[in-house]
Amino acid sequence: MNILAVKLSWNGGSRFTGMNAGGIETAIDADKQSGASPAELLLEALGACASADVVSILEKMRTPAAKFEVALEADRHRTEPRYLTSARMLFDVWGDGITSDKLVRAINLSISKYCSVYHSLRDDLKLRPQFRIHATGAEASGDYQVVEMAPPTTELDLSEVRRVAPAKSVVFSPSL
């Protein structure tokens, strides 16, 4: 079993300091005054997990990113518990040789197979990844393309997944 360990210390009010096993601290504040809220940290964790995978997969495809950014926006359930109901991931990737097919494959592999944070969330979370590819050194611009997701699996076969869908298409929503 692979065990993760963190410790949280209360600093008064809604403020906490999180510390991982390596001693790295994170400021947490449910009121968003002196640190990220727990829900914001969850979005950051989802973005970081998927992004680390995508960057690594692109490197293995011999098309490394020169620059990489991801922004996440989420909707929450209106009543308690206020869990995430949907999340949009907006990937901006700069680099030479990065094609839509390669980036879509990397995003699909990350989210459908590797991202442990995504696989730790509720099964009914509607995840909507989108991307833009930019030339190295260029400003981020243009419309985002929707990534049509394959269902989560341990053995992903993308041969039957349409690589790029128009921005208004329906995206993957796991069912129970």
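The values are calculated or read from the model by the stated rules, or taken from the named source; none is laboratory data. On a predicted model such as this, the values are computed, not experimentally measured, just so you know. Note: ideal-geometry Cβ built from the backbone for every residue, glycine included; neighbour counts use all protein chains shown.
Out of all the residues in region 86-110, which are modelled with pLDDT under 95 and on the phi < 0 side of the Ramachandran plot? Within region 86-110, 96 is the sole residue that qualifies. Limited to region 25-49, what total is found for residues that are farther than 20 Å from residue 81 by Cβ and either assigned to a strand (DSSP E or B) or under 22 Å from the mean Cα position of the chain (by Cα) (or both)? Summing the residues that are farther than 20 Å from residue 81 by Cβ and either assigned to a strand (DSSP E or B) or under 22 Å from the mean Cα position of the chain (by Cα) (or both) in region 25-49 gives 7. Can residue 111 be described as closer than 29 Å to residue 139 by Cβ and touching a helix residue (DSSP H, G or I) at 6+ places or on another chain (Cβ under 9 Å)? Spelling it out, residue 111 is indeed closer than 29 Å to residue 139 by Cβ and touching a helix residue (DSSP H, G or I) at 6+ places or on another chain (Cβ under 9 Å). Residues in region 101-153 that are in contact with a Pro (Cβ under 6 Å, 6 or more places away or on another chain) and not in a loop (DSSP other than H, G, I, E, B): 107, 112. With respect to residue 128, determine if the residue is assigned by TED's automatic domain parsing to the domain that holds residue 57, under 19 Å from residue 43 (Cβ atoms) and without any contact (Cβ under 8 Å) to a residue 60 or more places away in the chain. Considered against the rule, which asks whether it is assigned by TED's automatic domain parsing to the domain that holds residue 57, under 19 Å from residue 43 (Cβ atoms) and without any contact (Cβ under 8 Å) to a residue 60 or more places away in the chain, residue 128 comes out as yes. Looking at region 45-59, can you tell me whether even one residue there is closer than 27 Å to residue 16 by Cα, at pLDDT 95 or above and of a type in the set (Val, Ile, Thr)? No, every residue in region 45-59 fails to be closer than 27 Å to residue 16 by Cα, at pLDDT 95 or above and of a type in the set (Val, Ile, Thr). Does region 16-30 contain any residue that is of a type outside the set (S, T, N, Q), surrounded by fewer than 16 Cβ atoms within 10 Å (Cβ to Cβ) and in the same structural domain as residue 143 (by TED's automatic domain parsing)? Checked region 16-30: no residue is of a type outside the set (S, T, N, Q), surrounded by fewer than 16 Cβ atoms within 10 Å (Cβ to Cβ) and in the same structural domain as residue 143 (by TED's automatic domain parsing). Of the residues making up region 50-70, those that are assigned to a helix (DSSP H, G or I), of a type in the set (Asp, Glu) and touching a residue at least 40 places away in the same chain (Cβ under 8 Å) number 1. Screening the candidates 53, 123, 75 for the property of being crowded, with 16+ Cβ neighbours inside 10 Å and within 30 Å of residue 4 (Cβ to Cβ) yields one hit, 53.
Where residues in region 128-159 are hydrophobic (A, V, I, L, M, F, W, C) and modelled with pLDDT under 95, which of them is surrounded by the fewest Cβ atoms within 10 Å (Cβ to Cβ)? Selected residue: 158. Within region 102-122, being touching a strand residue (DSSP E or B) at 6+ places or on another chain (Cβ under 8 Å) and either farther than 22 Å from residue 64 by Cβ or small (Gly, Ala, Ser) (or both) holds for 118, 121, 122.
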